[in-house]
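Report on the following structure.
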Amino acid sequence: MDKRTFIRNAGLIGLGSMLSFDSIAELVRNVSAIPPERLAADEEFWAKLRKGYRLKPDYINFENGYYNFLPEQVLEKFIGHVREVNFQGSYYMRTVQFDNKKMMAAKLAEVAGCSPDELIITRNTTESLDMVIGGIEWKPGDEAVMAEQDYPAMLEMFKQVSRRYGMVNKIVSVPNLPASDEEIVDLYASAITEKTRLLMVCHMINITGHILPVRKICDMAHSKGVPVMVDGAHTFAHIKFSVPDLGCDYFGSSLHKWLSVPLGSGILYVKKDNIGGIWPLLAEGDRKPGDISRLNHIGTHPAHTDLTIADSIDFYNLIGAERKEARLRYLQNYWTSKARLMPGVIVNTPDDPARYCGIGNVGIKGMKPSDLGDTLLKKYRIYCAPIDGANVHGCRITPNVYTTTADLDVLVKALKELSQSLTN
C-alpha cells in the first residue's frame, strides 16, 4: 500500500463504527426513561456518541468553545451539500437558495423559541452584535453600558462608534464569584443614566463560563427605559432556554460553537418593534421597516453552510437539549470540584450550578496563564485557551459531548502536579 492510499484509508478509520442518525435515535430511545442528570454520568452512553467524532490524537482538545467541530454524521451531510450546490451552480444561487435560507432560519427560530420574522442567519456573533452597535442612530453624549469581560470584538466596535459619533462607553467589571444575582444587577444599574441608549451583557461570559442573570438585568434596564443586547455566543445549543424569555431586545450567537454548524454561521434576533430602528450592515433594497430580511443582505456567500444548519439541529435534537446540557454541566463539575480543593489552584468560575455549564477557567498561583497553557500542551498533551486579562487569569477549559472523564482525569492530574511543584 502506498503512502497516499494509507493516509486516505486512515482518514476513514472509525467511520464504519460511528452511529447513523437512525442509530443515534435508537440509542436515545433506549435511555429515554433515564433522567438527564443520571445519564450525564453514563460513560458507556457518551462513548458511543464519541465514535462519531474524528479526534486528533496529538492532544486532548479542551478548546471546543472557539469551534465545536462537526461530528462525522453532520460533516458527511455538509460535504453532500457542497457537492449539490456546486453541481447546480448559478441555478441554485438564483432560485431556491433564498427559500432554503428562510427555512433554515425558521428551524433556528424554533430552537430559539422566537418568531421566524425576528431572526436572521448571519456569519457569527460578531457580525450580529456589531450590526446592532453600528446600526443605532447615535448622537454625541449618548451612552452605552458594557463589561470589560465582554468579547473584545464588540468592545472594539463600541470604541469605533464612540470615535465616530461622540457617544460614551461606560464599562463595569463583573466579579468572577458574585455573592448573588442582585450584586450583578446592581452593578449594571449603577452605570445607567438618563443618557444610556443601550446595555450589552453576556449570557455566558466566554472567558470564565459564568452565566449571568440576564432576565433580571433586562427587567432592570427596561424599567429605566434602556434596551438590552445579549451576547449569546456560548449559550445557544449549550443550555436550554428561550430567547424571548430572556426579555432582551437583541440577541446574537455563533452556530459554529455549541450547535456544531460549519464555520461561518450565526444568528441575530431582533425584537419585532426594534427592527426598523437598526441600519443594515450592508445596503439593502427597499423593504418595510419591520421586515427583518432588510438586515440580512451580505452578498454571495457559502449557501451550503446554511443547508447544514438543519442537519446540525437534527443531531442536537436527537441527543436532546436537556441531555446535552446535563452532560456538559456534569463534565465541568467533574474536574472543577476536584480542582477547587487543591492548594494554589484558582477556579475562576462560580460553583453554583445555576451559574455554570460546560465552560470553566482555572489558574495556578504564581504561574502565568500563557505558561500554564504551554505546559499543559507540551507536558500533558492538553490543548486549551490561556486567558490573561479582564480580571481573569487562567486557562479556559471547554469540553464537548465527546469528552470523557478519562480526558478530564489527565487535566486534574496535571493541575495537581503543577500546583504541588509551585507550593513545595
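The values are calculated or read from the model by the stated rules, or taken from the named source; none is laboratory data. Predicted model only: the values in this text are computed from it and were never measured. Glycine gets a Cβ as well: all are built from the backbone with ideal geometry, and neighbour counts include every protein chain shown.
Okay, here's what the table says:
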read-out: Qualifying residue in the stretch 264-278 (condition: of a type in the set (A, V, I, L, M, F, W, C) and within 15 Å of the chain's Cα centre (by Cα)); value: yes
read-out: Residue that is modelled with the highest pLDDT, among those in the stretch 223-270 that are within 15 Å of N296 (Cα to Cα) and in a loop (DSSP other than H, G, I, E, B); value: S265
read-out: When residues of the stretch 293-313 are limited to those that are crowded, with 22+ Cβ neighbours inside 10 Å and either over 29 Å from H81 (Cα atoms) or β-branched (V, I, T) (or both), the one nearest to the chain's Cα centre (by Cα); value: I309
read-out: Any hit, the stretch 191-207, residues being outside the structural domain of G394 (by TED's automatic domain parsing), touching a residue at least 12 places away in the same chain (Cβ under 8 Å), assigned to a helix (DSSP H, G or I) and not hydrophobic (A, V, I, L, M, F, W, C); value: no
read-out: Neighbours by Cβ (under 7 Å, 6+ apart or cross-chain): first from the stretch 240-258, over 16 Å from L268 (Cβ atoms); second of a type in the set (S, T, N, Q); value: F241/T235; W258/N68
read-out: Selection within the stretch 306-330 - of a type in the set (F, W, Y) and farther than 20 Å from S23 by Cα; value: Y330
read-out: Residue tally, condition among the hydroxyl-bearing types (S, T, Y) and part of a loop (DSSP other than H, G, I, E, B), over the stretch 271-310; value: 1
read-out: Pair list, Cβ under 6 Å, 6 or more apart: the stretch 57-80 residue closer than 28 Å to Y151 by Cβ, other residue outside any strand (DSSP E or B) and of a type in the set (S, T, N, Q); value: N64/N400; N68/S260; N68/N400; L70/S260; V74/S312; F78/T308
read-out: The one condition in (1) modelled with pLDDT under 95; (2) among the basic types (K, R); (3) farther than 28 Å from L307 by Cα that R215 fails to fulfil; value: (1)
read-out: One residue from G166, G264 being touching a helix residue (DSSP H, G or I) at 6+ places or on another chain (Cβ under 7 Å) and at positive phi; value: G264
read-out: A221 being farther than 27 Å from G65 by Cα and more than 20 Å from the chain's Cα centre (by Cα); value: yes
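Here's the yes/no breakdown for (1) among the acidic types (D, E); (2) modelled with pLDDT under 95; (3) out of contact with any Ser or Thr (no Cβ under 7 Å at 6 or more places or on another chain); (4) within 30 Å of D306 (Cβ to Cβ):
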| residue | (1), (2), (3), (4) |
| --- | --- |
| L119 | no, no, yes, yes |
| T125 | no, no, no, yes |
| V132 | no, no, yes, yes |
| N169 | no, no, no, no |
| V172 | no, no, yes, no |
